[in-house]
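The values are calculated or read from the model by the stated rules, or taken from the named source; none is laboratory data. Not measured: the values here are computed from a predicted model. Reconstructed Cβ throughout: ideal geometry from the backbone, glycine too, with neighbour counts over all protein chains shown. In case anyone asks, the SASA skips ligands and DNA or RNA and just uses the protein heavy atoms, side chains included. Shrake-Rupley method; radii C 1.70, N 1.55, O 1.52, S 1.80 Å.
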Amino acid sequence: TVYMQTPAKLLVLSCCAPCSCAALKKLSQDGVDVTVLFYNPNIYPAAEYEKRRDEQKRLCERLGVKFAELPYEPDVWDACVKGLENEPERGKRCSACFYLRLKKAAEYARQHKFDAFASVLGVSPYKDLKQVNEAARRAWMVTGKPYVAVNWRKGGLEELRRALIKELNLYQQEYCGCKYSIWKKNDEKMA
């Protein structure tokens, strides 16, 4: 089950500016009171985290969207995925990572009186939207804060996303964010 109507006050968990740009522009145009939450303890290394965070802030300023950041906690993320280091992309490690971040977003949404929360974690073609939505459903069940499940790749949003990335010259990374995805990417380049 998903929360279907667009709420008046929505928290959106974002991994990066390129994944969030079209969603944020559409939500803003639709009159939604939207705040981006940047909670990404999975991003490695710290310099990459800072680069993605700063680009997300720049996008939010440009679109007139509020921005909130939770502490960078790579140790919390490492503990969350311990034992799952060798899982493939879209495997159990990604499910654990999504759940950690979405649960934190749901808790933040509850504490700060948002109507619901959403995410753009499933925008990347490297990620499985069903896997993201399942982790979000679990977070909803635990926290009681409704999740708005939207496929931000449909309805012209993928085309808008590509256009905004180009127009705003957004920094685009070449890997999901975690150290295991960057190591896999580097292994593929050397093969």
Segment 47-191 shape via C-alpha gyration tensor axes, a/c threshold 1.5: rounded
Using θ = phi - 60° and Karplus 6.51 cos²θ - 1.76 cosθ + 1.60, couplings along segment 119-127 (whole Hz; Gly, Pro as x): 8, 10, 5, x, 6, 4, x, 7, 10
Solvent-accessible surface (1.4 angstrom probe) belonging to Ser95, in square angstrom, nearest 10: 40 Å²
Largest to smallest accessible area among Lys145, Lys130, Lys51, Lys92 [probe 1.4 Å]: Lys130, Lys92, Lys51, Lys145
Rounded FRET efficiency, nearest 0.05, which uses the C-beta distance separating Val76 from Lys9 and R0 of 30 Å: 0.65
Surface accessible to a 1.4 Å probe, Glu174 within the full protein complex, Å²: 110 Å²
Among the listed pairs Lys25/Lys57; Lys103/Lys145; Lys26/Lys130, those beyond 18 Å (Cα-Cα): Lys26/Lys130
Arg162, Arg53, Arg110, Arg93, reordered so the largest accessible area comes first (probe 1.4 Å): Arg162, Arg110, Arg53, Arg93
Note, ³J(HN,Hα) from phi for segment 27-41, Karplus 6.51, -1.76, 1.60, rounded to Hz, x at Gly and Pro: 4, 4, 5, 7, x, 7, 7, 10, 10, 8, 10, 9, 10, 9, x
Helix-only [θ]222 nm of the chain, DSSP H runs n ≥ 4, -39500 (n - 2.57) each, per residue, nearest 500: -16000 deg cm²/dmol
Heavy atoms of Tyr44 accessible to a 1.4 Å probe, total area in Å² rounded to 10: 90 Å²
Relative contact order [Cα under 8 Å, 6+ residues apart], the chain, whole percent: 30 percent
3J(HN,Hα) from dihedral phi, segment 44-55, Karplus parametrisation 6.51/-1.76/1.60, rounded to Hz, x for glycine, proline: 9, x, 4, 4, 5, 4, 4, 5, 5, 4, 5, 5
Cut-off under 5 Å, modelled amide H: who pairs with Tyr147 long-range: Tyr3, Phe117
